[in-house]
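Q: Once you've had a glance at the structure underneath, I'll fire off some questions.
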Amino acid sequence: MTGRPSRATRACKATGAFLLARLDGFALRTARRERRLIGLSLMRLVIGFATILYCLADYSNRQFLWGPHAYNSPSTASAQIPGGGFSLYLLSDSRAWFELLFHATILVSAAFMIFGGRVLTVVQAVLMWSLHYRNQDLLEGGDNLAQILVIFLAFTVSNAYFAPGAGKRREKLLAPDRTPAVSTVLHNLATYLIVFQTAVLYFAAGYWKIFGKVWQDGVAMYYVSRETEFHMSARFAHLMGNAYLGTAVSYATIAVELAFPFALLSSRAWLRKANTLALEAMHLGIAAFMGLVCFGLLMIGADCVCLRDEDYRSLWRSVRAGRARTAANRPGEAGRRRVFLTGGSAPRLPGTTLRKGAHDHV
C-alpha cells in the first residue's frame, strides 16, 4: 500500500512545473518577435562609422601602418595573431592587393552602415578582423569587443531602423499574426549574448577597479589625466586636478560599472536608462578628453543594445516633450502663433509665393 506523496515531493513537482512553464513562456516570447531592433540598428551605424574613421584617421600613412612593407612586418604580424585569428592582408605582399583590401574596407563599412543586412555584416566582420590583426599596435581596446559583437550581429536583424526599406521590414517583423520562426530565435539569442557580453565586461572592469590602490584612494582619474600615451586634453587634466571632482568621478565610474548588470535585470526602466546613459556619457568623455575616439564609439555602440525598444521610445517622447516646453516658453513664440492662427492672412516669405505659416499643419 503506497501512501500519499510527501510534502517535499509535492514541492519539488510544483517547482518543476513552475520552471517548465516559465521556460516555455520564455521560449515562446523568444520565437515570436525580434527584440531590441533600435539598439541593434544603432550598433550597426556605430561599428560602420568607427571602422571608416579608423581607416581615414591615418589614411595618408596607410602604407607605413598596414602596407606590405609597413614597420610591423607581415612575419611579425602573423606571429602576433592569436589562435583563430586571420588577416587577408597577409595573403600577399602586393601593394595592389593591399590598396584593394583597404579601400574595400572603407566602402563595405559605408554600405554596412547605410544598408545593413546579414551578408554585409559577415563581409564587414571579415574585413574588420583582417585590418585589426594586420597591426595590433594601433588597437585601442574597444576593437576586441567589436570583433566579438560583430559575429553575434550577423545573426540579428540589424537594419530594422535607419536603413532603406526599414519601415516595410518592421511591418513584417512586428506583424501580429506572424508565426514563430528559427530566425527569430537566433536573432534574440544573439541579442541577449551581446547584452550579456557587455554586462560582464563592465562588471569585471568595476570589480578589478575595487582592488586597485589608486581607485580605492580616489586618485585614479588624476593619474589617468597625466598619462602621456594618449592625446590628453589639458582642460581634462585641469579638472581632474581638483581633489573633490577627481575623487567623485573615480568612485562614480566604479559605481556605474558595477551596477550595470543589476540595472539591466531591474524592472525599473528609469534605472536601466539612467545607468546606460551614464556609461555612454563616460565614453563620450573618453573620446573627447583622451582622444580614444574609436574606443569610445564602439563602447557606446555596445551600450545601445542594452536598452529595449520601449526605452528608446520613452526617451524620444521625453525629448519631444522637452522641446515642446522649450518652444512654448520661448519669448514671443506664443504670441506669433496666435497672430498666424487668428490674424487672417499670414505674411509672405520674400521671393516665394508661399505664405509663412501656410503649411504649418504639414
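Q: Got a sec? What order do Arg32, Arg235 fall in by accessible area at 1.4 Å, biggest, i.e. largest, first?
A: So, going from the largest accessible area down, we get Arg235, Arg32.
Q: Using the Kirkwood formula on the Cα atoms of segment 138-204, what hydrodynamic radius do you get, in angstrom to one decimal?
A: Taking every pair of different Cα atoms in segment 138-204, averaging 1/r and inverting gives 13.8 Å.
Q: Which Rg and Dmax, in Å, describe the Cα atoms of segment 204-298?
A: Values for segment 204-298 (Cα only, Rg and Dmax): 13.9, 43 Å.
Q: Net charge near Pro176: determine it from the other residues with C-beta under 12 Å of the C-beta of Pro176, scoring Lys and Arg +1 and Asp and Glu -1.
A: Once positives and negatives cancel, what remains is +2.
Q: Go through segment 39-50 residue by residue and turn each phi into a ³J(HN,Hα) via Karplus (6.51, -1.76, 1.60, θ = phi - 60°); whole Hz please, and just put x for glycine and proline.
A: These are the phi-based 3J(HN,Hα) values: x, 5, 5, 5, 5, 4, 4, 5, 5, x, 5, 5 Hz.
Q: Let me ask something additional. According to the square roots a ≥ b ≥ c of the eigenvalues of the Cα gyration tensor, what is the shape class of segment 34-81, taking rounded for a/c under 1.5, prolate for a/b larger than b/c otherwise, and oblate for the remainder?
A: In terms of gyration-tensor shape, oblate.
Q: Which entry is the computed Rg and Dmax of the Cα atoms in Å for this structure: (1) 26.1, 79; (2) 20.8, 63; (3) 26.2, 101?
A: (3)
Q: Another one. Using all C-alpha to C-alpha distances in segment 48-180, build P(r) with 5 Å bins and read off the rounded percent in each one.
A: 2, 10, 18, 21, 17, 11, 7, 5, 4, 3, 1, 0
Q: Looking at the chain, identify the longest residue range that excludes and avoids all GluC sites (Glu not before Pro) in DSSP loops having at most 15 other Cβ atoms within 10 Å.
A: Longest gap between qualifying sites, sites excluded: 1-226.
Q: Okay, next question. Only Cα pairs under 8 Å and at least 6 apart count here; give the relative contact order of the chain as a rounded whole percent.
A: Computed value for the chain: 21 percent relative contact order.
Q: What part of the accessible area of the chain, given as a whole %, is carbon or sulfur when the probe is 1.4 angstrom?
A: Details: 13560 of 20880 Å².
The nonpolar share, carbon plus sulfur, comes to 65 percent.
Q: Here's another thing I want to ask about it. What is the log10 of I(q)/I(0) for segment 86-155, computed with the Debye formula using one identical point scatterer on each Cα and no solvent, at q = 0.15, 0.28 Å⁻¹?
A: So the normalised log intensities work out to -0.49, -1.31.
Q: Within the set of other residues whose C-beta is less than 12 Å from the C-beta of His132, count the net charge using Lys and Arg as +1 and Asp and Glu as -1. Walk me through the numbers on the way to the answer.
A: Values: positive: Arg134; negative: Asp137, Glu140, Asp143.
Charge balance near His132 sits at -2.
Q: For segment 190-253, just the Cα atoms, rotate onto the principal axes and tell me the three extents in Å, largest first.
A: Per principal axis, max minus min of the Cα coordinates gives 42, 25, 18 Å.
Q: How much accessible area per residue does the chain have, in Å², with a 1.4 Å probe?
A: About 58 Å² of surface per residue is accessible.
Q: Please give me the summed charge of the neighbours of Leu279: other residues whose Cβ is under 12 Å from its Cβ, Lys and Arg +1, Asp and Glu -1.
A: Local net charge: -1.
Q: Quick one: putting +1 on the C-beta of Lys and Arg, -1 on the C-beta of Asp and Glu, what dipole do you get for segment 59-153 around its Cα centre, in Debye to the nearest 20?
A: 180
Q: Among Leu145, Cys12, Thr253, whose Cα lies farthest out toward the positive end of the dipole of the chain, if unit charges sit on the beta carbon of Lys, Arg (+1) and Asp, Glu (-1)?
A: The Cα lying farthest towards the positive end belongs to Cys12.
The values are calculated or read from the model by the stated rules, or taken from the named source; none is laboratory data. Since the model is a prediction, treat every value here as computed from it, not as a measurement. Ideal geometry is used to build each Cβ from the backbone, glycine not excepted, and the neighbour counts take in all protein chains shown. To get the accessible areas, we keep the full protein, side chains included, count just its heavy atoms, and leave off ligands, DNA and RNA. Shrake-Rupley method; radii C 1.70, N 1.55, O 1.52, S 1.80 Å.
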